[in-house]
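Below is one structure, written out as C-alpha cells; the observations come after it.
The values are calculated or read from the model by the stated rules, or taken from the named source; none is laboratory data. What you see is a predicted model; the values in this text were computed from it and never measured. Neighbour counts run over all protein chains shown; Cβ positions are idealised from the backbone, glycine included. Note: accessible area is taken over every heavy atom of the protein model, side chains too, but ligands, DNA and RNA are not part of it. Shrake-Rupley method; radii C 1.70, N 1.55, O 1.52, S 1.80 Å.
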Amino acid sequence: MWHITAGWTPQSRFDVDVVAFLVDEDEQVDFDEDFIFYGAPESPAGTVRLLTGGPAEQTITLDLASLPPTTRKVVVAPPPPNARCSSRRST
C-alpha cells in the first residue's frame, strides 16, 4: 500500500482538492470512475482512495497490486506550489 500525502497552509480564499487519475498506456482516463477527487473519493474496486486529514491535508492511498490491468499509471495532482507533499510506502 502506498500513501501520498499533501499538506498546506489553510487559505480562506480557496479550497484545495488533491486528485488522482488512473490512466492507460495512452495516458487516457478510461472511465469517469478512474478520476478520484473530493466528490468521488474512491475507485470502484477501492484500490485508490482520497482521505481527508482536516482542512489542510489530504492523502491518496494506492493498492498497486490490485489496480485494474489496463491501468499503467496513477497521476496525482497536488495542491498549489507552496504546499508540501510527501509519499511513503507501508508494508
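Odds and ends about this structure:
- Using a cutoff of 8 angstrom between alpha carbon atoms and counting only pairs six or more residues apart, the relative contact order for segment 1-59 works out to 37 percent.
- Theoretical FRET efficiency, 1/(1+(r/R0)^6), r = Cβ-Cβ of GLU25 and LEU64, R0 25 Å, to 0.05: 0.95
- Over segment 1-73, accessible surface divided per residue gives 62 Å², non-protein components excluded, 1.4 Å probe.
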